[in-house]
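The values are calculated or read from the model by the stated rules, or taken from the named source; none is laboratory data. The structure displayed is predicted, hence computed values, not measured ones. Counting neighbours? That spans all protein chains shown, and the Cβs are built from the backbone with ideal geometry, glycine included.
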Amino acid sequence: MKKNTTEQSLTLGDVTKSWGKIIAKLEKKNSKIVHFLEEAKLHSLDGGQLLIEIINGTRFHLKTLDKDAGQIESVMNDILNQDIKIKFHIQNDSEKIEEHQSNKGDRMKNNNKELLGRAQSIITELSKELEEKTSEHAEYKKDIAKYKEMAEDKIDFYDIAMGSDDWLSMDEVAKILNFEGWGRNDLFKFLREGGILKTNIGHNQPYQQYVRDGYFKLIEEPWKDRRGKTHIYPKTVVSQKGVEWIRKQLNAYISNI
């Protein structure tokens with residue numbers, strides 16, 4: 001059967017794809033050749049001539065392969081159905097270094113690209129985080145300003161109340177102390193359970209000990225029933241000294257809950 005000419009579109013890729021079949025057929029004919037070709041590299045195909053590089057080869061390898069080139073060409077021609085001439089070349093140390101440096105340069109470029117990509121990703125994430133923190137900080141400053149204003153209002157009210165000589169109702173005391181969840185009735189209950197105010201006869205009236213201490217006193221306050229009749233009942237009121245004393249008692253109680 002007549003072979004095709006090398007002018008047809010046979011490429012180095014075609015030879016590479018068939019290289020396994022070529023080696024397998026050579027193995028049956030001459031295993032020594034296959035051994036020498038184990039580290040061979042198909043370098044180029046130009047004008048019907050295939051250049052094969054022998055990696056880590058010696059002149060002995062080159063001489064032996066040149067001697068058996070006809071046998072290798074015959075197997076290749078049978079499989080590829082084209083006439084191809086082969087030429088062997090030993091890759092010398094300078095070529096190895098050049099190839100190594102080229103590969104190293106490519107690896108460095110790829111590593112640099114990867115590092116640059118990671119750096120850009122980190123910068124993007126940090127920028128987002130900084131933007132979020134800046135926004136949070138702005139909101140935090142607004143809240144601080146609002147709470148400061150509220151606190152100043154409460155302090156002013158407390159100072160005015162404590163600087164007054166007036167006696168205060170329990171409802172007013174609850175507002176001045178401003179303990180969360182503690183209203184007028186809660187204060188009365190706390191003082192009763194603490195043995196400061198009476199529970200039965202004289203309900204919510206202070207014991208004499210706390211009257212003598214200047215914390216509480218009883219005043220007479222009028223009230224009218226449904227028929228319009230006026231009555232007088234004793235009302236417990238608290239001094240400024242008593243407000244501060246109740247505050248200390250409450251703080252001690254809450255801290256032990």
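Data for the structure
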{"quantity": "Of all residues in region 233-256 being among the aromatic types (Phe, Trp, Tyr) and touching a residue at least 24 places away in the same chain (Cβ under 8 Å), the one that is surrounded by the fewest Cβ atoms within 10 Å (Cβ to Cβ)", "calculated": "253"}
{"quantity": "Cβ pairs under 7 Å, 6+ apart, first in region 34-58 and without any contact (Cβ under 8 Å) to a residue 24 or more places away in the chain and closer than 19 Å to residue 77 by Cα, second in a strand (DSSP E or B) and among the basic types (Lys, Arg)", "calculated": "none"}
{"quantity": "Residue list for region 30-72, filter: touching a Ser or Thr at 6+ places or on another chain (Cβ under 9 Å) and more than 16 Å from residue 89 (Cα to Cα)", "calculated": "32, 47, 48"}
{"quantity": "Top-ranked residue of region 32-67 - restricted to ones that are surrounded by 17 or more Cβ atoms within 10 Å (Cβ to Cβ) and assigned to a loop (DSSP other than H, G, I, E, B), ranked as modelled with the highest pLDDT", "calculated": "37"}
{"quantity": "Total residues in region 1-13, condition modelled with pLDDT of 75 or more and exposed (fewer than 13 other Cβ atoms within 10 Å of the Cβ)", "calculated": "2"}
{"quantity": "Test: residue in region 217-232 that is under 17 Å from residue 167 (Cβ atoms), touching a strand residue (DSSP E or B) at 6+ places or on another chain (Cβ under 9 Å), touching a residue at least 24 places away in the same chain (Cβ under 8 Å) and buried (at least 16 other Cβ atoms within 10 Å of the Cβ)", "calculated": "yes"}
{"quantity": "Of all residues making up region 74-85, the number that are in a helix (DSSP H, G or I) and farther than 18 Å from residue 17 by Cβ", "calculated": "1"}
